[in-house]
């Protein structure tokens, strides 16, 4: 399993990346949507964890492009808050999960694992 | 006072001086008096004219009564005169045509008496009295022949004046009659007198035949005011007539006003019959004759009075209604303006809070990851001094991060949903969120907040932010109402198939019955300066917009229960409503999007 983390807060992505490293999960990180898309073009990722609100290429548009570039990649949207209209939109664009910040790494990992079963999502 | 309170319109006391756009009392007074002037002026004017004309008519009627009495007096007098003249002339004729010798013949006098009775009627007896005053011959029912009249006043008078008519008196048989005596005129040497007694019955009939009004009376009196013919009002012959005019000859002819013994006005007409001791009297009761006119006047006054009262009542009602409607509309408009202002303020605060929360959330997320990393690293590090203490510190930091993020999420939760939007709401979560805001106060004041929410309760379709506001307002009021150590019970349950009821009961001070009907009115507040009076009014408006309603029960001293009844599905009236599925934003922040 390979994960790409995209967030404009560099401290956040680098820390998360380090924590995934500690758990032996292969990952890359990017601090903008554009940068993230470049990585996706070059590498295959099972999961992309992307922030909703970023300068430049925002999360919603990025989701669209990621799905276009790599339809098999599953996407977890990070949001400051579960604004229903944004989540709705994200769903339409192809996001698979959402996670409200601050991120609990165990929750993040469990979201990625339960996906295999395609069961009910934890709410 | 209770009645006054009941009829007093709402705008009369300036209950909401801040909201009232104008002086409604003055508006009411202007409306009322203008309408009164416009409607009553013509009525009063017409009534005045009518009254004036009526008074004229009344006066005419009075004059007509006077005139009628004058006519009766005149004709009555003529008839009495004629009656007496006829008999006097007959006697004078007999006196002229017959010498003393002839008349003293009893047979001859008897024949004359019979002729007189047949021709004129009323003659009771007839006597001849010679110069020395001795009754020479007498024809009649009594034995009066040879009687001496020499010293009697009437005899002296008839000798001097040639004619004498006596007052009425009761004779031996006790029936009234009077005397006519005539002196022989032809031969001055031969002085003798013919004396006849006349029955007053004929006179009575004559008077009865006059055109008398039903309540009137006509009769004769003598100069002493003694009745000479019977009267309906004053008794029989020889009774006294009490209403003599004050002394003075002039008063014995004409009409004067008097009062009967009940104090009712009377008109008394007198006419002296010349050459006799008689005065004709006509008595009338003008009040009785004018009764129908008085009744008419009373009717008109009553009708005008009733009309005025009815008009005043209608104008009163109309003015009240009109001004009250303006008042209510103005209040409502002012309330809407205030609500808009309030909503705008709320929106601004919401946006500010959201901005702050969002900005805080990012560094908090970083802190969260950093402390997570620290934990991870501690986990893979070997033992070193203070390792346990480090772990304890990271735990405290994580807990604090959790607290901060809870707050930011709540703030974000409130800030959202400014336009009405529908989503699936789990009441348990919602109530938890609302209590998150108020729970601290409850804790400080040792107020126990109990929830009874069945776990299988269906989610509700509603606008989350607004429902939050509704619950927040009611819970806020409940907290204000209960004392320290009080109790608030929140219960949720289905109501039929279509509705869900949320009841919030406190054991606080309660609401007096007279305030209960006003609590949903905007700007009605029992909290004094502390309350805006908007909370429940906005709450009511929101619940109505949601297609539900609020019920309230309260017992002063026992507590208050608000029950919010909401439809499970939002009514389709609002086309903007869009069902969005999504995870409930509880503080743990995990969720999935389901198709």
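Relative to the longest principal axis of the Cα atoms of chain B, the long axis of helix B:291-380 makes an angle of roughly 10 degrees. Counting, for every residue in B:556-569, the Cβ atoms of other protein chains within 10 Å of its Cβ and taking the mean gives 0. Each peptide in B:467-478, B:89-100, B:425-436 receives the mean, over its residues, of other Cβ atoms within 10 Å, and ordering these scores from highest gives B:467-478, B:425-436, B:89-100. Annotation: the antiparallel percentage among DSSP beta bridges lying fully within the protein assembly as shown is about 75.
Between the stretch B:189-259 and the stretch B:152-181, the C-alpha centres lie 16 angstrom from each other.
When only Cα pairs below 8 angstrom with a gap of at least 6 residues are kept, chain B shows a relative contact order of 10 percent. What angle do you read, to the nearest 10 degrees and between 0 and 90, between the alpha-carbon axis of helix B:387-415 and the longest principal axis of chain B? In chain B, helix B:387-415 runs at an angle near 30 degrees to the longest axis. Inter-chain neighbour count for A:102-108: the average number of beta-carbon atoms from partner chains within 10 Å of each residue's beta-carbon is 6. Is the shape of chain A rounded, prolate or oblate, going by the alpha carbon gyration tensor and its root eigenvalues a ≥ b ≥ c, with a/c under 1.5 for rounded and a/b larger than b/c for prolate? It is rounded, given that a/c, with a ≥ b ≥ c, falls under 1.5. The mean sequence separation of alpha-carbon pairs under 8 Å and at least six residues apart, normalised by the residue count of the stretch B:61-289, gives a relative contact order of 19 percent. Sequence gap at least 6, Cα distance under 8 Å: using those rules, report the relative contact order of chain A to the nearest whole percent. RCO, chain A: 21 percent. The modelled label-to-label distance for the pair residue B:317/residue B:299, using points 7 Å beyond Cα in the direction of Cβ, is 2.7 nm. Each peptide among B:127-133, B:223-229, B:363-369 gets the average number of other Cβ atoms lying within 10 Å of its residues, and from highest to lowest they stand as B:363-369, B:127-133, B:223-229. The slack in the chain from residue B:388 to residue B:274, taken as 0.36 nm per residue of separation less the alpha-carbon distance, amounts to 25.6 nm.
On a C-alpha basis, how far is the centre of the stretch B:477-513 from the centre of the stretch B:296-369 in Å? Whole number, if you could? Centre-to-centre distance over Cα atoms comes out at 27 Å. Here the Gaussian network model covers chain A, with springs between Cα atoms less than 10 Å apart; of A:59, A:33, A:80, A:80 fluctuates the most. Shielding of peptide B:370-379 by partners, expressed as the average count of other chain Cβ atoms within 10 Å per residue Cβ, is 4. For the stretch A:1-58, the square roots of the Cα gyration tensor eigenvalues, ordered a ≥ b ≥ c, give a/c of at least 1.5 with a/b no greater than b/c, which places it in the oblate category. By the count of neighbouring beta-carbon atoms within 10 Å, fewest first, B:32, B:169, B:178 end up ordered B:169, B:32, B:178.
Please work out whether chain B counts as rounded, prolate or oblate from its C-alpha gyration tensor, where a ≥ b ≥ c are the square roots of the eigenvalues and a/c under 1.5 means rounded, while otherwise a/b larger than b/c means prolate and anything else oblate? Prolate. Between the helical axis of B:106-119 and the longest alpha-carbon principal axis of chain B there is an angle of about 30 degrees.
Only the coordinates and a few stated rules stand behind these numbers; no lab work does. What you are looking at is a predicted structure, and each value in this text was computed from that prediction instead of being measured. All Cβ positions, glycine included, derive from the backbone under ideal geometry; neighbour counts span all protein chains shown.
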